[in-house]
1. Set Lys and Arg Cβ to +1 and Asp and Glu Cβ to -1, take the dipole of chain A about its Cα centre, and tell me which of A:Tyr137, A:Pro15, A:Met37 lies farthest positive.
2. Along Cα→Cβ, 7 Å out, is where each label goes; now give me the distance between the ones at B:Met425 and B:Leu346 in nm to one decimal.
3. Given H placed 1.01 Å from N in the peptide plane, which residues other than close sequence neighbours of B:Ile201 have an amide H under 5 Å from its amide H?
4. Which helices, taking whole DSSP H runs in chain B, have alpha carbons extending 30 angstrom or more along the helix axis plus mean Kyte-Doolittle at least 0.0?
5. Looking only at other chains, what is the average number of their beta-carbon atoms within 10 angstrom of each beta-carbon in A:115-128?
6. Determine the gain in length on full extension of the stretch A:Glu146-A:Gln99; use 0.36 nm per residue of separation and subtract their C-alpha separation, reporting nm with one decimal.
7. Can you pull the mean other chain C-beta count within 10 Å for peptide B:36-43?
8. Quick one: order A:Arg21, B:Arg309 by neighbouring beta-carbon count within 10 Å, fewest to most.
Amino acid sequence: MAELLNNEGASGLIPEETVERTERRWLFAMATVLGLMLAVVVFTGVTQMMNPLSDVETINPATLHLQGEFVESNLGTAVETDGSITLRFLAEQYTFVPQCAVVPAGTLIRFRLTSPDVTHGFFVGTTNTNAMVVPGYVTNVMARFEHPGTYTMPCDEFCGFGHHAMAASVVVVPKEQFTKLRPEERITTCGAQ
Amino acid sequence: MERSRLLSLAHLWAAFLCFLPATGLGLWQLLMRSPLPVPVDDPNAYYASLTAHGSIMAYVFPTLFIMGFGYAIAVSALGRPLRGENWAWAGFVLCVVGSLMALAPIAGGRSSILYTFYPPMVGNVWYYLGVAVVIIGSYFWVALMLINFAAWKRENPGKPVPLAMFAITTCALLWGWTALGATSEVVFQILPVSLGWRHTIDAGLARTLFSMTLHAIVYFWLIPAYVAFYTLMPQAAGGRLYSDTMGRIAFVLFLVFSIPVGMHHLFMDPEHGSGFKFVHSLLTFIVALPTLLTVFTITATLEIAGRARGGKGLLGWIRALPWNEPMVLSVALALLLLAPGGFGGLINMSYAMNAMIHNTSWVTAHFHLIFGGVVVIMYMAIGYELWPRLTGRPLITKRAACVQLWLWFWGMLIMTVPWHIAGLMGQPRRYAIFDYTDPGVAKMAWLDILSVVGGVILVCSAALFFYVLARSSLASAAESISPIRYALAVNPPARVHPLLNGFMFWNVLLLALVLITYGYPVGQFFFLHNQDAPEHSLTREMKR
């Protein structure tokens, strides 16, 4: 039985035209499916601003702790003069500085991170705030957290022997509570949570 | 011919000899990450083990296997002795020596940088030299496949190159092109630093060059599995290939589209703008097409065989197939694993959805399904198919082989399904240990234990695979073993379009696509300032 189709008589068992027609139909169907999926990706990307990080900004990893926006006193949550919120972290072996930060719920927050040593990464809890931190570059991502709570923010890219111990916390508090906090209280409140 | 059999056999033995211990390392890593007790509870050893597991499974094992399979195809499909056999042996020696050079510093814990390198972290120089030597050895193979392909075409003008040879040569070309990314990273960026000539590295450029290799290497691994789908399975099932032309189109699409998509590994990186990220995402959708075409052609091929064997009705042909043939069984299991693996891949490449799962256990689960599942299960089946032809001894036994394949299938599912779920729950990959006293982590404990169960089944399956091959090698020689016969198509082509019988056009197209998709992303680094990062020596950290 297994030899049935190996003789020459089996040639043309299915006419060439039939093979071609079915293959062409399948190709068309699959291209359509992929096209639809791509359309969904483009549509959600445009309408919900769901784009991966986009700005290419360089920074000297050897001097960033001495000058500029990533000096230690400037890290953590900052309310800018226009009222927007920026959250700056330094990702270094094997800790984030600061270890914890408070942000208001339901507010667009600009995350800015960089690394003085090797490549790191971070994500915030089970949200889709997730990015790489590459030395020499500034990671700039926007995020909004609707639900108050404490989110773990682990390093998610291998950075050396202590990689698994590297994590920070992001504490999301209701907007009213956040506005009442003085800058120094943002740090102490965080420790208490 | 006798010597060329030995050539393939040496490659396959070397490949499987490093595969077996690497599965053991994988199981130990699963135990480290689980809440279960583990021997040698040492995170530093975990990262060394992870580097060894990845380097063997990604570079050494598949490269040696594909080289051996390629030589076997060149000899059997073209029906002529291999040209340049001495060069082939030289390539083999380079690959083995390079592997040992790379593995020694890993075993000493001096190169725990994972197989993805991650500069500005810098490990021991012998690791990189070893990887470079393996790549050089594999280039001997690439050249020999092209030479044998061209020689056959010269001697047989106008005739279609046998599909198996056409396909494995696309594999060789693809590797020749794509290895250039990682090779330039190692040669121009990492080696000068690890030799002490330079002290800084542009990590962004390094990641970009590596991404050129990182995706297409998966298709380098995958093409031999597809070669078995198209050219070995139809014979084993007792049927014919549904379409020879569609096979050629699929292989050519793999060659052209699997390199200019690599930046989908960099969606979450800060060194590129979203424009080129989107272009690479778009092209990734196209590279899904040859797989979808293959699923149709291979299912139709199985149906032809099933009906030829007397299968009736809408699905009756499925039962009529010879499920005790390892080659037929493995193709079905591979297609079943390809479904969830491919589905996960569609999510990973989707530009924005990727953010949900980037660097979580989901990703580890995805590539274990595709590589560990689809690819390795087919390598095993190819091993079973080639073994009697290479050793002249019968396989002992096909039944044991089928049991082994089933074990591999279930082990892979039981290991990767929990990983997918844990990834969605926010479990990072590449963690040596987890703090199970943390309530958020404790929720994942049962998933990690389930993965260990899968890992145990996989190691048992790998050991059985090895046993079947070793036992068969020791059996008494069979009187006659039929040579490998490649599948005939239902409508065997008398001639094929010149574009589907050679590679010149596709090479030019590929080069153009690479220049368009990587020209600016790589070129920008030469115009940026300040981004070079000081090297970070791993050995110095150990002394600290």
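Since every read-out is calculated from the coordinates, none of them should be taken as a lab result. Because the structure is predicted, anything quoted here is derived from the model rather than measured. Cβ placement follows ideal geometry from the backbone for every residue including glycine, while neighbour counts extend to all protein chains displayed.
1. Selected residue: A:Tyr137.
2. It is 2.7 nm.
3. For B:Ile201, the qualifying residues are B:Ala533, B:Glu535.
4. Flagged H segments are B:2-33, B:85-107, B:125-155, B:163-184, B:274-308, B:326-348, B:398-424, B:445-474.
5. 5
6. Full-extension gain reported as 14.8 nm.
7. 1
8. Listing A:Arg21, B:Arg309 from fewest to most nearby Cβ atoms yields A:Arg21, B:Arg309.
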